[in-house]
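Okay, so here's the structure we're looking at.
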């Protein structure tokens, strides 16, 4: 589980990232990233996840995908530059993905968005 300080919780935080953030995408995921003044002051990376019923009608499946994405974000957290708000949107085809595919795609998205240290 991600720590509470590493989560986007308010609708206005999500809307700011959607409105002002840069966008990167793959076949299964869309990443929106915004350099936030709040996250920069606190030296944090904050994550939000968006997964609609188009992905799956079953909440069990949607929650499983969110748990996998949270675990990957927690794993990659030390490698990310602080000061970013990130929203990860799951596309409908993601139901067929496994943990390693999500890990590979998120690592690529972070590198493309220049959030990953060393890229």
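Numerical summary
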item	result
Peptides ranked, highest mean first, by Cβ atoms within 10 Å: ranges 93-101, 80-88, 14-22, 68-76	80-88, 68-76, 14-22, 93-101
Cut-off 20 Å, label 7 Å out along Cα→Cβ of residue 10, residues of segment 69-86 by amide N	83-86
Using alpha-carbon coordinates, inclination of helix 11-20 to the longest axis of the chain, degrees	80
DSSP bridge pairs, the chain: antiparallel proportion in percent, nearest 5	65
Using alpha-carbon coordinates, inclination of helix 99-112 to the longest axis of the chain, degrees	40
Calculated [θ] (222 nm, deg cm²/dmol) that DSSP helices of n ≥ 4 give over the chain, each run adding -39,500 (n - 2.57)	-12000 deg cm²/dmol
Label point distance in nm, residue 114-residue 3, each placed 7 Å from Cα along Cα→Cβ	2.7
Degrees, to the nearest 10: 59-76 long Cα axis against longest axis of the chain	40
Estimated inter-spin distance, residue 81 and residue 63, nm [label 7 Å along Cα→Cβ]	3.7
Cβ-Cβ FRET estimate between residue 93 and residue 20, R0 fixed at 41 Å, reported to 0.05	0.90
Kirkwood Rh and Cα Rg combined as Rg/Rh, the chain	0.94
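Values quoted throughout were computed directly from the atomic coordinates according to the rules given, and no laboratory measurement underlies them. Since this is a predicted model, take the numbers as computed values, not measurements. Backbone-built Cβ (ideal geometry, glycine too); neighbour counts: all protein chains shown.
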